[in-house]
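See structure below.
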Amino acid sequence: MAVKRAPRPRPATKPRKATTGSLKGSKPAKRPAPLTWADATVSMRPGGGWRFTLPVVTSANRQWRVGKGRAYKAKGAVTDTKTAHLLFRHVVPLRGDLAVSITWHRSQKSGDVDNRIKGALDLLRGIAYRDDASVARVTCERVDDGTPARLVVDVDNFNRVAA
């Protein structure tokens, strides 16, 4: 005849204390989801220019690849360009000398501003202007404000002031 044993009592557990973000083992704060192409917008500026709100484009360091003896555009950069041209097909390109202002809202503290400038200018070629050679002034600002990652690009006519 088999003897039944009583189940072993489980050890009592202590209630967990609430953790804060500074304690080891706590989960990091969630970042807001970055802007996607479905959220991209364009609007007319009061002076006749354009304001584009774009997802963060591929860095200039990652736009071109080399393989089998030739350079080719990376898949992500090609997709971004095709999507932008499709979404903004109604935009009339500006002519003459242009001023471009780029505000990069980033979600994490990494990346270089200069790599975002080249990617954004190349992306808007054929949309906001015929050729990026017509860009006479570029200003760029990086913002770490906790909002979704995006690029806000303003394209306006550039009026030189005689000195």
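The values are calculated or read from the model by the stated rules, or taken from the named source; none is laboratory data. Please read these numbers as outputs of a predicted model, since none were measured by experiment. With ideal geometry, Cβ positions are generated from the backbone for all residues, glycine too; neighbour counts draw on all protein chains shown.
Limited to region 37-50, what total is found for residues that are of a type outside the set (A, V, I, L, M, F, W, C) and either modelled with pLDDT under 90 or surrounded by fewer than 11 Cβ atoms within 10 Å (Cβ to Cβ) (or both)?
Restricting attention to region 37-50, the residues satisfying the condition of being of a type outside the set (A, V, I, L, M, F, W, C) are 39, 41, 43, 45-49.
Applying the additional criterion that residues be either modelled with pLDDT under 90 or surrounded by fewer than 11 Cβ atoms within 10 Å (Cβ to Cβ) (or both) yields 43, 46-48.
Counting residues in region 37-50 that are of a type outside the set (A, V, I, L, M, F, W, C) and either modelled with pLDDT under 90 or surrounded by fewer than 11 Cβ atoms within 10 Å (Cβ to Cβ) (or both) gives 4.
Does ALA33 satisfy the criteria of being at pLDDT 85 or above, aliphatic (A, V, I, L, M), surrounded by 10 or more Cβ atoms within 10 Å (Cβ to Cβ) and in contact with a Pro (Cβ under 9 Å, 6 or more places away or on another chain)? I'd like the intermediate steps shown before the answer.
Working: at pLDDT 85 or above: no; aliphatic (A, V, I, L, M): yes; surrounded by 10 or more Cβ atoms within 10 Å (Cβ to Cβ): yes; in contact with a Pro (Cβ under 9 Å, 6 or more places away or on another chain): yes.
No: the conditions fail for ALA33.
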